[in-house]
Amino acid sequence: MANAPQAQYYIGLMSGTSLDGVDGVIVDSQCQKIIAQTYQPYPAELKQSLRQLTQSGQTALSNLATIDIKVAQVFASTALLLLKESGILAAQIIAIGSHGQTIYHHGGQYSMQIAHGALLAEQTSITTVADFRMQDVASGGQGAPLTPLYHQHLLKNQSGVVINLGGIANITLLTDGLIAGFDTGPANTLLDNWINQQQSLDYDDGGLWAKSGRIDQSLLGKLLADVYFQQQAPKSTGPEYFNLEWLTGFLTGAEPAKDVQRTLLELTIVSISKHIPNNAKVYLCGGGVRNGFLIERLIHLNPNNDIKTTDELGMHTDYVEAAAFAYFAKRTLAKKTSNLTAVTGAKSARILGAIYAT
């Protein structure tokens with residue numbers, strides 16, 4: 001009789017605040033090398049439901065349950081597609097680490113992700129670890145960002161800066177073994193929502209529409225004066241705060257739409273750049289890496305920094321966060337903590353995530 005295949009890999013699943021779909025990876029046992037990767041977009045109707053839910057913060061419980069199940073189905077199909085495309089068997093996967101889809105995040109008070117781990121475990125027949133944030137919140141933390149621990153793992157404790165350009169931007173600063181990290185503010189969320197409202201597009205391809213406008217310095221000054229940008233870390237945020245309702249409060253209605261887009265892009269760049277140490281090595285990841293004009297402006301405002309992407313670390317820019325939650329699942333099963341108290345502000349380190357065994 002042939003020997004049973006050895007479980008040696010982890011799956012990581014992630015969907016961020018951009019609400020595009022699910023990133024999935026199979027990684028090696030050290031969670032540093034991608035064996036397989038895939039992406040499953042949300043169906044248009046589900047994406048619109050998620051956008052309405054996260055923007056309004058209100059829905060019927062029956063509708064929330066329906067959305068939860070539909071999102072879990074996309075997460076499960078992403079995991080199964082990874083297995084199919086790679087030829088790896090479910091029996092070779094130690095566990096799935098699933099971030100789920102954040103639908104509400106209020107740092108220090110509550111954080112809710114859907115795509116329930118029990119559904120994933122049942123639909124994939126793989127032990128699943130999910131719900132990583134609330135244990136940190138219950139311990140007095142922000143619940144975010146969690147990825148600085150994984151960035152430290154990727155950099156192998158070397159000094160450097162990692163910036164994730166998702167819907168929200170977060171930064172990790174590693175200096176002489178010390179680590180700091182927090183959400184700097186919006187990256188793509190306002191840019192995506194504004195162009196969606198004005199032109200019915202999901203995103204500004206390459207930042208070309210923003211590039212066609214001019215910076216409204218008065219508007220930029222008002223946006224940067226918002227209390228969030230003045231707060232000291234630990235801090236985290238989300239589209240519950242930085243949304244079109246927030247933006248509209250600063251607009252007169254007379255601003256050309258393309259100028260607003262240009263100004264929002266500059267808001268992203270300035271709010272990130274103020275935290276980048278001079279002469280530091282910077283590694284970028286997340287969907288914002290594909291916004292050529294955004295990257296052009298980031299390089300322009302930080303001329304003394306060596307700015308690259310996480311591809312230089314052997315980790316595809318689109319899949320860093322998915323790999324991170326595979327790593328967190330590994331730590332959870334090993335009964336190791338995954339929150340950094342200096343980052344989240346939790347009173348003590350905690351083992352994160354709920355385990356759904358099969």
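The values are calculated or read from the model by the stated rules, or taken from the named source; none is laboratory data. Note that the structure is predicted; figures quoted are calculated from it, not measured. Here the Cβ is made from the backbone with ideal geometry for all residues, glycine too, and neighbour counts use every protein chain on show. Just the protein is used for accessible areas: all its heavy atoms, side chains included, with ligands, DNA and RNA removed. Shrake-Rupley method; radii C 1.70, N 1.55, O 1.52, S 1.80 Å.
A few notes on this one:
- Among all positions in region 182-194, there is no residue which is open to solvent by 40 Å² or more (accessible area, probe 1.4 Å) and either of a type outside the set (A, V, I, L, M, F, W, C) or at pLDDT 95 or above (or both).
- Tally, over region 169-210, of residues that are over 17 Å from Ile276 (Cβ atoms) and among the aliphatic types (A, V, I, L, M): 6
- Filtered by the rule that a residue be open to solvent by 10 Å² or more (accessible area, probe 1.4 Å) and either farther than 27 Å from Asn291 by Cβ or of a type in the set (A, V, I, L, M, F, W, C) (or both), region 159-173 gives Ile168, Leu173.
- In the set (1) of a type in the set (A, V, I, L, M, F, W, C); (2) open to solvent by 40 Å² or more (accessible area, probe 1.4 Å); (3) not in a helix (DSSP H, G or I), the condition left unmet by Val25 is number (2).
- Region 35-69 - residue that is within 18 Å of Gly100 (Cβ to Cβ) and in contact with a strand residue (DSSP E or B) (Cβ under 6 Å, 6 or more places away or on another chain) and, of those, surrounded by the fewest Cβ atoms within 10 Å (Cβ to Cβ): Pro41
- Listed conditions (1) over 16 Å from the mean Cα position of the chain (by Cα); (2) outside any loop (DSSP other than H, G, I, E, B) are all met by Ser111, apart from (1).
- Residues of region 322-358 that are closer than 15 Å to Asn170 by Cβ and in contact with a helix residue (DSSP H, G or I) (Cβ under 8 Å, 6 or more places away or on another chain): Ala324, Asn339, Leu340, Val343, Thr344.
- Condition check for Gln6: over 20 Å from Glu122 (Cβ atoms) and in a loop (DSSP other than H, G, I, E, B): yes
- Selection within region 247-295: residues that are in a helix (DSSP H, G or I) and without any contact (Cβ under 8 Å) to a residue 40 or more places away in the chain. The member of this set that is nearest to Leu201 (Cα to Cα) is Thr248.
- Among the residues making up region 312-339, those that are assigned to a helix (DSSP H, G or I) and open to solvent by 50 Å² or more (accessible area, probe 1.4 Å) are Glu312, Lys330, Leu333.
- Breaking point among (1) open to solvent by 30 Å² or more (accessible area, probe 1.4 Å); (2) touching a Ser or Thr at 6+ places or on another chain (Cβ under 6 Å); (3) modelled with pLDDT under 95, for Lys156: (2)
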